[in-house]
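Student: Structure in C-alpha cells, see below.
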Amino acid sequence: MDAFGIDISPAMLAIARRDNPDLSFSVGSMTELALADRSVGGILASFSVIHIPDEHIPTVFAHFHRVLRPGGAALLGFHVGDRHKIKTEGYGGHPMKVHLHWRPVDRMAAWLREAGFTIEAEIVGNQDAKAPAGFLVARRPVVTQP
Ligand SMILES: C[S@@+](CC[C@H](N)C(=O)[O-])C[C@H]1O[C@@H](n2cnc3c(N)ncnc32)[C@H](O)[C@@H]1O
C-alpha cells in the first residue's frame, strides 16, 4: 500500500519519520487539505479531528470526501462524550493551547452524512472508561445520490 502522512505539527512528523523511515510525511492542515480531488483510496484520521472546533468540522469532512476516490473509505478515531476544553498543558507539562473535543458518535456520523458519506461501521471501545474511544468507517459512495 502506498501510504503517506500529513500533520500540522512538524514535531509530530519528526517522530513519525523516525518510526516510519520508508513513508513520506508533510506538514499540512486537514482544514485546507492540499490534495487533488479523488486522489486517495483511503483516509485514516486517528484522534486528530478531536482538535478541530465544531464550526470547522464540515470543512474538514468536505475535504475528506473531495480527496477520496468514489468507493474509498475514511476511518476516524475520536474521544466519545459531549464536552470541550482548551488543553493548556501537554504530557510532561510543556505548555500548549489546543482544543480538545469529546463528541457523541451520532453527531460525528451526522456530520459525515451531511458531507456525502455513508456510514459502514460505528464502534465504541472501552465503554466503561472515562473517555471511551469511538471509531467510524465512512465511505464515499460510488454513485452520488441526487
Ligand atoms: C492526539 S494526536 C494523534 C496523533 C496520531 N494521529 C496518532 O494517532 O497517534 C493529534 C494529532 O492531530 C494533529 N492535528 C491537530 N490539528 C490538525 C490539523 N488541523 N491538521 C492536521 N493535523 C492536526 C496534531 O498535530 C497531532 O499530531
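Quick note: the coordinates plus some simple rules give every number you see, no bench work behind them. Since the model is a prediction, treat every value here as computed from it, not as a measurement. So basically every Cβ, Gly included, is an ideal-geometry build from the backbone, and we count neighbours across all protein chains shown.
Student: Got a sec? How would Val60, Val105 order by Cβ neighbour count within 10 Å, fewest to most?
Tutor: Ascending Cβ contact count within 10 Å gives the list Val105, Val60.
Student: Right, next: I'd like the distance separating the alpha-carbon centroids of the range 35-77 and the range 78-131, in whole Å.
Tutor: 15
Student: Take Val143, Val27, Val137 and order them by how many other Cβ atoms sit within 10 Å, fewest up front.
Tutor: Ascending Cβ contact count within 10 Å gives the list Val143, Val27, Val137.
Student: Here's something else I'd like to know. Would you kindly state how much longer the chain becomes between Thr88 and Ala36 on full extension, computed as 0.36 nm times their sequence separation minus their alpha carbon distance, in nm to one decimal?
Tutor: Difference between extended and current length: 15.3 nm.
Student: With both bridge residues required to lie in the range 43-139, what share of the DSSP beta bridges run antiparallel, to the nearest 5%?
Tutor: 80
Student: Stokes-Einstein diffusion coefficient for the chain at 4 °C in a medium of 1.567 mPa s, Rh from the Kirkwood formula over Cα pairs: what value in µm²/s?
Tutor: The Stokes-Einstein estimate is 80 µm²/s.
Student: Let me ask something else. In whole Hz, what ³J(HN,Hα) sequence does the range 13-20 give by Karplus (6.51, -1.76, 1.60; θ = phi - 60°), x for Gly and Pro?
Tutor: 5, 4, 5, 4, 5, 4, 7, 9
Student: Could I ask something else about it? For every helix of n ≥ 4 consecutive DSSP H residues, a contribution of -39,500 (n - 2.57) applies; sum these over the chain, divide by its total residues, and give [θ] at 222 nm rounded to the nearest 500 deg cm²/dmol.
Tutor: -6500 deg cm²/dmol
Student: So if I take the alpha carbon set of the range 38-86, get Rg, then get Rh from the Kirkwood formula, what is the Rg over Rh ratio?
Tutor: Reported Rg/Rh (Cα atoms, Kirkwood Rh): 1.02.
Student: Going by how many other Cβ atoms sit within 10 Å of their own, how do Met1, Met30, Met108, Met96 line up, fewest first?
Tutor: Met1, Met96, Met30, Met108
Student: Normalised by the number of residues in the chain, what is the relative contact order in percent for Cα pairs under 8 Å and 6+ residues apart?
Tutor: 21
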